Amino acid sequence: FPGGQAEYVRVPFADVGPIKIPEDVTDEQAVMLSDILPTGYMAAEFCDISPGDVVAVWGAGPVGQFAIASAKMLGAERVIAIDRFPNRLRMAHEHSGAETIDYADCDVHDALTEMTGGRGPDACIDAVGMEAHHPSAPAYAYDRVKQATRLESDRPFALREAIRSCRNGGVVSVVGVYGGFVDKFPMGSLMNRGLTLRAGQCHAQRYTRLLLDRIRAGDIDPSFVITHRLSLEDAPAGYETFLHDKDECMKVVLTP
């Protein structure tokens with residue numbers, strides 16, 4: 001406080017100036033930088049991955065696919081994808097080398113415990129959010145009833161499972177969207193086992209240059225999630241296909 005006056009220094013959160021896309025980056029690669037690739041990368045970055053780590057990812061949709069790929073890119077030895085759609089699990093395995101769990105066929109917590117020698121994953125990523133699904137668990141029915149009676153806004157089934165499954169002292173990373181209040185939150189497990197919980201909306205521009213360099217270096221090709229390429233005139237059909245998960249749709253790209 002020189003002279004008794006406060007001094008303020010502006011420290012930029014990120015370089016968010018105009019970015020020119022290099023010619024060696026395709027439009028299909030570049031468009032993923034606007035949202036889903038940075039979100040998946042941030043989810044993995046939250047995990048503070050060290051060599052040898054095991055990372056479990058709930059949700060193998062587009063963001064989950066990039067969280068899986070980013071976790072491998074950042075040095076995870078094993079990544080385990082959790083979903084119920086065979087095409088999503090197949091994509092995670094074929095493009096990122098992920099092990100897979102179909103949560104409709106087993107108890108995820110028990111499966112992860114067995115796959116990690118009783119320890120649990122070093123980090124767990126929730127790429128599902130407020131619309132989590134489970135085919136039969138009583139806790140899922142509980143959430144649906146609470147939502148129907150407007151006593152709860154979100155279904156945190158995947159989040160609860162991630163917290164319960166993570167090893168002691170591990171990290172739970174949340175990039176799945178939550179909009180309000182959740183019930184039956186396992187705060188005791190989070191606190192008593194020393195877990196770190198990290199969450200947030202992605203600041204995509206923070207990661208744009210970094211991920212652009214990764215694409216150019218050949219570390220990741222985000223276009224692998226594209227399953228449908230349509231003209232702009234076919235946008236309504238593309239939305240319909242994606243909404244109802246027809247034809248194993250993962251990501252639709254529209255070209256003018």
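Within the straight-line cut-off of under 17 Å between alpha carbons, the lysines reachable from K146 are K184, sequence neighbours fewer than 8 places apart in one chain being disregarded. Share of pairwise Cα-Cα distances greater than 21 Å in the stretch 93-206 is 41 percent (whole percent). Note on the stretch 9-100: the C-alpha convex hull projects to 7.6 nm² when averaged across all orientations. For the chain, leaving out every one of the chymotrypsin sites (Phe, Trp or Tyr not before Pro) that falls in a DSSP loop and has at most 10 other Cβ atoms within 10 Å, the longest unbroken run is 14-256.
Accessible area per residue for the chain is 53 Å², calculated with a 1.4 Å probe on protein heavy atoms, without ligands, DNA or RNA. Note on D213/T255: beta-carbon distance plugged into 1/(1 + (r/R0)^6) with R0 of 30 Å gives a FRET efficiency of 0.70. Whole-Hz Karplus values for the stretch 115-128 come out as 5, 10, x, x, 8, x, x, 5, 8, 10, 10, 9, 10, 10 Hz, taken residue by residue from phi with 6.51 cos²θ - 1.76 cosθ + 1.60 and θ = phi - 60°; glycine and proline positions read x. Be a star and scan the stretch 87-123 for residues whose amide nitrogen sits under 14 Å from the point 7 Å along the Cα-to-Cβ vector of S136. Within reach of a label on S136, which here means backbone N under 14 Å from a point 7 Å along Cα→Cβ, the stretch 87-123 contributes 103-108.
Given a cut-off of under 8 Å on Cα pairs at least six residues apart, what relative contact order in percent is computed for the chain?
Across the chain, relative contact order equals 19 percent.
Accessible surface of the chain, 1.4 Å probe: 52 percent of it comes from carbon and sulfur atoms.
Along the chain, counting only trypsin sites (Lys or Arg not before Pro) with a DSSP assignment other than H, G, I, E or B and at most 10 other Cβ atoms inside a 10 Å radius, the longest segment between sites is 21-149. Exposed loop sites here mean GluC sites (Glu not before Pro) with a DSSP loop assignment and at most 14 other beta-carbon atoms within 10 Å; the chain contains its longest site-free run at 78-256. For the pair R119 and D234, label points projected 7 Å from Cα toward Cβ lie 4.7 nm apart. A 1.4 Å probe, protein heavy atoms only, puts the accessible area of S165 near 10 Å².
Length, then width, then depth: along the principal axes, the Cα atoms of the chain run 63, 50, 42 Å.
Our coupling estimate for the stretch 233-249, obtained by passing each phi through the Karplus curve with A = 6.51, B = -1.76, C = 1.60 and θ = phi - 60°, is 5, 8, 4, x, 5, x, 5, 5, 4, 5, 4, 9, 6, 7, 6, 6, 6 Hz, Gly and Pro reported as x.
The values are calculated or read from the model by the stated rules, or taken from the named source; none is laboratory data. Since we're looking at a predicted model, the values are computed, not measured. Note that each Cβ is placed from the backbone with ideal geometry, even for glycine, and that neighbours are counted across all protein chains shown. The area values use the complete protein model at the heavy-atom level, side chains included, leaving out ligands, DNA and RNA. Shrake-Rupley method; radii C 1.70, N 1.55, O 1.52, S 1.80 Å.
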